[in-house]
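A quick write-up on the structure given underneath.
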Amino acid sequence: WSNFQAFLTICLRHDELIVLVAYNRATCDLKWLWKLTQALHSPLPMPPKMKYFLDPIHVINSYKLCPVHPSKSKLKSLRLVTFYHYITGNEIANAHNSLYDAQAQ
């Protein structure tokens with residue numbers, strides 16, 4: 001965890017903040033990350049510059065004018081593999097492997 005925080009410190013300028021993006025966060029490890037870092041007496045604090053969270057599915061479903069909203073696109077679902085193929089025309093290699101899913105996001 002300390003390596004992760006050090007990496008963020010190195011990569012960010014002093015005036016930058018972090019937006020953690022998690023596609024379909026309700027089913028991902030984001031909730032566990034949050035629980036672990038927010039637990040009483042947790043030795044794993046969230047990095048201080050990590051201020052915002054974004055779930056693209058929430059954005060897509062919340063804005064009906066979004067071009068990929070289910071009412072406007074021909075997407076069969078908003079699963080990451082389906083969405084990625086729709087946007088890029090490619091398949092995600094090793095779908096559901098967290099490293100490959102993160103790269104696809």
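Both the radius of gyration and Dmax for segment 1-79 are 16.1, 47 Å, in that order, over alpha-carbon atoms. Packing here is the average count of other Cβ atoms within 10 Å per residue, and on that basis the peptides 40-53, 79-92, 2-15, highest first, run 79-92, 40-53, 2-15.
With the highest mean first, a sort of the peptides 54-60, 70-76 on other beta-carbon atoms found within 10 angstrom per residue produces 54-60, 70-76.
Bear in mind these aren't lab numbers, they're just calculated from the coordinates by the rules spelled out. All figures in this text were calculated on a predicted structure; none of them were measured in a lab. Heads up, the Cβs are rebuilt from the backbone with ideal geometry, glycines too, and the neighbour counts pull from every protein chain shown.
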